[in-house]
Structures are given as C-alpha cells and as structure tokens.
Amino acid sequence: MKPLNAIVSLVAKGLIGFALPAWLALLPISANSADLLRFSLPELAGDGWFISELAVTLDLSAGDRLPLEIAVGRLEHPALSSPLESLRLHCADGEYRADRLRCIDGRLSGGIFDELSLRLDLDLRTPEGRLELTLTGPPLGDGRLVLRADEAGLVLEGEAVSPVWLGRQAGVEFSQGTFDLRLEAKRDFEGIAALNGELELRNAVGAMAENWLGEGVGLGWSFELQRQDGLLRGKQRLAIEKGAVLGPWFYWDHTQGELVLESGLSVNIEDTSLALEQGRVTLVKLPAIDFSTRLAFSAKPVLQGLHLETGVFSLKDLFERHIQPALAGGAFGGHRVEGELEASLDYAEGAWDYRLKLDNGRVDAGDGGYRLDGVSVDLAVDKDQGKGELSWRSARLLERIELGVVKANIAVNESGFRLNEPLAIPLFEGELVIEQLASDREGIAFGGYLRSLDMAAISQAMEWPPFEGTLAGMAPDIRYAEGNLNLQGGFLVEAFKGELVVDNLQVQDLFGTLPILEADVRLRDLDLESLTRTFSFGKISGGLEGRVEGLRLEGWRPMAFDARLGTPPDDEGPHRISQRAVDNISNLGGSGLSGAMSRSFLRFFDEFGYDELGISCRLRDGICYMGGIGAAEQGYYLVKGGGVPRIDIIGYNRRTDWQVLVEKLREISQGESAPEIR
C-alpha cells in the first residue's frame with residue numbers, strides 16, 4: 001500500500017492516539033546547548049505498528065517562535081508494503097505544552113516525502129483529544145486537505161485539490177482537474193460506527209491503464225455506511241455527468257445522458273475488502289445492467305467475485321452510441337450492427353462464466369468487405385466447458401461472393417473458440433468445407449477445402465472473363481490476425497484438368513478499403529483445350545505450365561508480377577492450334593499475322609501444328625513487358641510451328657499498357673475480334 005494509504009489507515013484505526021504530548025513528557029531529555037532540548041525514545045509500539053529511534057528537538061533560540069523537529073528512524077505498519085525510514089517533520093514555528101502540541105509551517109522529509117514537498121500545520125490538544133492537520137503543497141495543487149479528529153471520530157475535507165499526484169497512486173494519470181472531498185468517520189468504544197463520504201471531480205483530463213482516456217470529466221460519488229454485524233454496510237452512488245470517456249471498445253460523453261452506477265456497499269476493515277451488492281448501471285436508451293462484485297485490497301485491488309447481467313437490448317443503439325465511436329479509424333469503425341442482445345457474466349475462484357445470446361442480428365462492414373444477415377448466436381461458457389451455436393441466413397463477402405445458410409456448433413473457452421465438427425457452406429453452386437476453425441488471443445486458424453465450385457458463377461461474381469467447368473482446392477492452414485491473412489504452406493486448386501499451387505500468400509487489411517495481396521502461383525499440367533474453350537480464345541490443344549512470381553494486388557487489381565507460361569518440356573499430347581487462336585495470339589503480340597494469313601493459302605486451313613508455345617509478362621507501373629519462348633530475328637517467338645501445315649507466330653510488341661491488354665483479353669473471351677495491340 002502507498003504511504004498515503006498507510007497514514008489514512010493509521011488514523012482510521014486509531015493506532016496513533018491523541019495524547020502525544022503526554023508521553024512526550026515522559027521521554028528522556030538531553031540538552032545539547034542552552035538553546036536546544038532533545039527528547040528521545042529507542043522504541044515505541046502499538047497494536048500492529050512500531051516506531052524506532054523517535055526523537056523530538058526544540059529550538060529555544062528563536063525568540064517568539066519555537067521551531068520543532070520530530071525524527072523517526074523507522075516506521076512499520078501492516079498497511080505499508082515496506083517500512084518507512086529516516087522520516088523528519090520540521091516545524092518553522094510551534095508550541096509545546098503538556099496539553100498542546102502545535103506545528104506551524106511544517107515540512108515532511110525522508111523517502112517519498114523529499115519529492116512531495118508537503119507543507120503542514122498541526123494542532124493537537126490533549127484534554128479535548130482533538131487533532132487538526134492541514135496539508136498543502138505541490139502534490140495538492142492550489143488546494144488543501146484538512147483532517148479534524150477527536151474521540152468521537154474524524155472528518156477529512158479537501159477543497160480544490162489537484163488529482164495529479166493522488167491519482168498516480170491509484171494508477172490514474174491526470175493532467176488537469178480539481179476535486180472537493182468530505183469524509184466523515186464516527187467512532188464508539190467498538191471502533192468505527194459510521195462512515196460517510198462525498199467526492200466531486202471537475203474538468204478532469206486523464207488516462208488509466210494506458211487504454212482509457214477522460215476529458216473534461218465531471219463526476220460525483222457519495223456513500224453512507226453504518227456498522228452492522230461487524231461490517232460497515234450501506235449504499236453508494238457514482239454519476240459521471242460531464243465530459244467524455246474513451247476506452248478501447250467504449251465511448252461516452254455528456255450528450256448521451258448521465259452514466260450512473262448505484263449499489264449497496266459493505267466494507268470489511270479487518271481484511272480490507274469491499275463488496276458492491278445489488279448494483280445497477282443505467283445509461284440513456286439502454287436497459288439497466290445489474291451487477292455485484294467483491295474486491296480485496298492489499299498492494300493492489302484483487303477481484304474476488306463478479307456477477308453482471310443485462311436485459312434484452314438493441315445492439316444497434318449500443319454499437320452506434322458507445323462502441324463505434326471508440327473504434328473510429330480502426331477495422332470496425334465503419335460497421336453497421338443490429339440485433340437483440342442479452343448477456344451475463346460471472347467470476348468466482350479464478351474462473352469466468354458467461355452467457356451471450358443474439359437474435360435477428362445483422363453485421364455490415366459498410367465498405368463492401370462483408371455482410372451477414374439473420375445472425376443468431378447462443379454461447380454459454382463455464383469453468384469446465386463452453387459451447388455455442390452460430391448461424392446466419394445469408395452472407396456476402398467483398399460485394400461479390402454469396403454464402404448460403406450456415407449453422408455451426410462450436411466449443412468456447414476464455415481465449416477463443418473452435419469448430420466442433422466440419423461445416424459445409426454453400427458457395428458458387430458448390431461448397432466450402434471447413435474442417436477446422438479455431439481462434440485464440442493470437443487470431444483465427446482455418447483449414448478446409450473447396451468442392452465443385454462453378455467457374456461460370458465465380459467469373460461472373462468476380463467480373464472476370466467467363467470460365468467454364470468446376471474448381472476444387474485445398475487450404476490446410478490459413479491464419480488471420482489483426483486484419484491480415486497468411487497462408488501456411490501451399491493452397492492447391494484443381495482447374496482445367498491440372499493444378500494451380502499458391503505459395504507465400506498473404507493479404508493485408510483483408511476487409512479494409514484497400515486490401516493488398518501478395519503470392520506466388522505455379523501452374524502444372526493444365527489442359528489448353530479446356531482453358532481456351534472457357535475463354536472463347538480459339539481452340540488450342542496440348543499442355544500448359546508456368547509460374548506467376550511476385551504477384552501483388554491492391555484493391556484486388558494487379559499491380560506487379562513476373563509471369564511465364566508455356567508448353568511443358570515433356571508434353572506428349574497433340575499440339576494443334578486453330579486459325580482463330582492464331583489470330584488472337586498474333587494480335588496480342590503485335591505481329592499482324594492474321595491479315596497476312598487472310599491473303600495467303602493458309603486461310604484454307606482450320607488448324608495448324610506447333611511444337612511449342614509460350615508468353616511472358618513482367619508487370620510494373622501499369623506496363624506489361626512482354627516476351628515469348630525465345631528470340632526471333634526481329635522479335636520473339638510466341639508459337640514455334642511443327643508438322644504440316646506449319647506456322648510460326650512472332651511477337652514484336654515488347655511494351656503494352658496493362659489495362660489495354662486486359663480489355664482486349666476481355667473482348668477475345670466474349671468472342672469479339674481483337675484488334676492488334678501496339
């Protein structure tokens with residue numbers, strides 16, 4: 001406990017009596033000179049406290065003044081985390097008589113008091129058993145604390161006191177504000193019989209636990225306690241009336257009405273614990289939250305028990321008024337949330353139990369990231385196990401991907417959740433099968449596969465050139481944390497009778513306004529006939545392999561990659577290419593071959609043989625730097641002919657605007673003739 005807490009405890013428990021001058025008169029006296037008197041005592045002890053090397057020195061040479069110094073070598077008390085040593089109280093003026101001790105303009109020094117520069121005035125009258133102590137100085141700002149005590153009890157009053165130093169002792173960093181305080185304790189022969197208090201904090205600016213901020217805060221706190229069955233019992237009320245409070249997930253300001261916390265209050269002085277009972281938190285436009293809790297105090301507060309329970313309330317009101325403002329600028333700042341929510345929370349013996357129920361929910365990221373409709377959540381967690389059910393009627397990702405009805409059973413613990421059984425989600429007329437899904441404090445881990453997704457539905461949703469066929473794939477280990485997605489290992493996609501393997505996949509700000517995707521892609525044993533038929537490119541038979549390295553998408557648009565596609569070295573299939581495919585390839589490469597063919601005997605052939613084909617593109621700053629499978633006399637080979645009739649396609653265009661190239665590919669896929677790209 002801090003020194004200030006110890007001093008309050010000493011007074012509150014009556015451990016320092018009011019007859020100090022009486023026992024000072026019995027101390028051994030020594031005279032160092034004719035002008036100095038010194039009283040000393042090796043040890044002094046009481047109920048739980050101990051003082052050693054006590055000395056009182058009076059200076060008789062100051063004329064009308066009587067300077068006084070009280071020194072303590074060591075002070076021990078159960079309320080102190082460690083003993084206080086080398087304490088001194090120096091009084092510039094004073095009065096010492098058998099019935100009275102006065103210290104005027106006193107200064108405390110030693111230990112922490114060297115930094116505080118506290119000034120005090122003390123007046124102790126023995127016959128009446130009355131003590132009056134006034135504290136001023138930098139730690140209190142321009143205010144003061146006054147303690148008045150007698151045999152009937154004590155009163156502590158503060159006026160315009162700065163909360164900066166006192167708040168720091170409680171873990172709150174104030175930069176401005178003042179408070180008034182009144183604390184009254186009444187005692188009888190058994191101890192404290194009643195304890196009442198009032199606190200008013202004005203225009204406070206501060207931070208607590210590095211995550212909670214307050215600005216211009218005005219609040220009032222009051223309590224009334226009477227001794228009953230060995231405890232101090234009564235009630236308390238805390239009302240935050242002015243200013244604004246911001247936490248990591250909560251916001252309140254005075255325009256939203258008072259934030260009030262009322263409860264019964266009981267205090268056990270013997271074990272320094274308190275309990276808030278039958279409590280209620282009220283906030284405008286939200287139902288009351290009922291609670292009770294128990295705290296123990298030693299070096300710091302320790303939570304011993306908690307119960308919190310809400311009625312059914314609008315998640316929309318809670319989110320828009322008190323949660324969304326705290327998330328502004330973050331990943332959830334633009335979300336819209338609706339639904340009917342109720343919750344309960346319990347803590348006992350180091351374990352948390354909670355229940356959460358949401359009906360008719362809706363979550364919309366607001367920027368096209370995702371939307372869930374008809375959301376239902378039912379979670380129940382206790383110290384032994386947790387289980388829950390999550391479902392939605394429909395969902396939409398990235399404004400393009402529709403997910404069907406989902407109902408999932410999950411296991412829940414304090415750090416996260418995991419899927420109890422595999423879950424099949426309807427997707428693009430196929431399924432996304434989730435075999436494992438779990439979350440913890442680090443993020444979310446996912447593993448599953450795609451089954452029979454319709455390529456036509458995918459291409460339409462993603463606004464790609466139309467595809468045909470189905471797609472399947474496996475993603476055994478994907479991690480998501482703080483808005484970022486990372487693929488551990490590879491992601492295998494089966495398409496066009498071959499495989500696409502995605503490595504080193506990571507997506508930054510997945511559901512944000514500008515997601516960034518980076519990956520490397522390998523193509524293995526793709527069937528060109530299936531691929532070109534899908535794109536209406538013209539028929540090409542044979543195999544295809546390749547790599548796309550350093551792929552980078554920003555807002556799902558390609559910004560950079562190094563791509564090379566071509567015929568596999570060991571491909572043994574028939575290599576045939578239609579005249580339409582020849583036209584499209586030659587126009588993409590800028591060869592102008594299609595016009596020459598139309599004027600030659602080659603126009604009478606529907607197909608041609610080839611030995612090898614290939615194309616490369618290095619995308620940088622919106623420009624595709626093109627190449628083929630080898631150098632030709634004036635360009636590069638896109639197709640090397642073979643068999644009869646034989647045809648070679650040579651590309652001459654080495655720089656192409658990427659957007660123009662994409663548009664021409666779109667026209668080709670839609671069956672339109674593609675003009676030559678230059």
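The values are calculated or read from the model by the stated rules, or taken from the named source; none is laboratory data. Note that this is a predicted model, so its numbers are computed, not measured. For neighbour counting, all protein chains shown are included, and Cβ atoms are generated from backbone atoms with ideal geometry for every residue, glycine included. Keep in mind that these areas ignore ligands, DNA and RNA; they rest on the heavy atoms of the full protein, side chains included. Shrake-Rupley method; radii C 1.70, N 1.55, O 1.52, S 1.80 Å.
Quick notes on this structure:
- Each Lys or Arg adds one and each Asp or Glu subtracts one; over the other residues with Cβ under 11 Å from the Cβ of Ala275, this totals +1.
- Sorted largest first, the principal axis extents computed over the alpha-carbon atoms of the range 121-196 equal 42, 25, 17 Å.
- Alpha carbon centroid spacing (whole Å) that separates the range 362-430 from the range 227-273: 37 Å
- What the Cα atoms of the chain give is an Rg and a Dmax of 40.2, 136 Å.
- Under 27 Å between alpha carbons - lysine pairs in the range 298-421 that sit 8 or more apart or on different chains: 9
- Coupling constants for the range 434-445 follow from the phi torsions by the Karplus curve (6.51 cos²θ - 1.76 cosθ + 1.60, θ = phi - 60°), and in residue order they are 9, 8, 9, 8, 8, 10, 8, 5, 8, x, 10, 10 Hz; glycine and proline get x.
- Farthest positive-ward along the chain dipole, Cα basis, beta-carbon charges - from Leu505, Ile104, Tyr637: Tyr637
- Computed with the Debye formula from one identical point scatterer per Cα of the range 423-468, without solvent, the log10 of I(q)/I(0) at q = 0.16, 0.19, 0.24, 0.26 Å⁻¹ comes to -0.55, -0.66, -0.80, -0.85.
- J(HN,Hα) series, the range 111-122, from Karplus relation 6.51 cos²θ - 1.76 cosθ + 1.60, nearest Hz, glycine and proline x: x, 5, 6, 4, 7, 7, 6, 6, 10, 9, 10, 10
- Accessible surface of Ser175 - all protein chains present, 1.4 Å probe, nearest 10 Å²: 90 Å²
- Formal net charge of residues neighbouring Asp571 (Cβ-Cβ distance under 14 Å; K, R +1; D, E -1): -4
- Calculated on alpha-carbon atoms, Rg and Dmax of the range 174-325 in Å: 17.1, 56
- Shown in residue order for the range 538-551 are the 3J(HN,Hα) couplings computed by the Karplus curve 6.51 cos²θ - 1.76 cosθ + 1.60 at θ = phi - 60°: x, 6, 9, 9, x, x, 8, 9, x, 9, 10, 9, x, 5 Hz (x for Gly and Pro).
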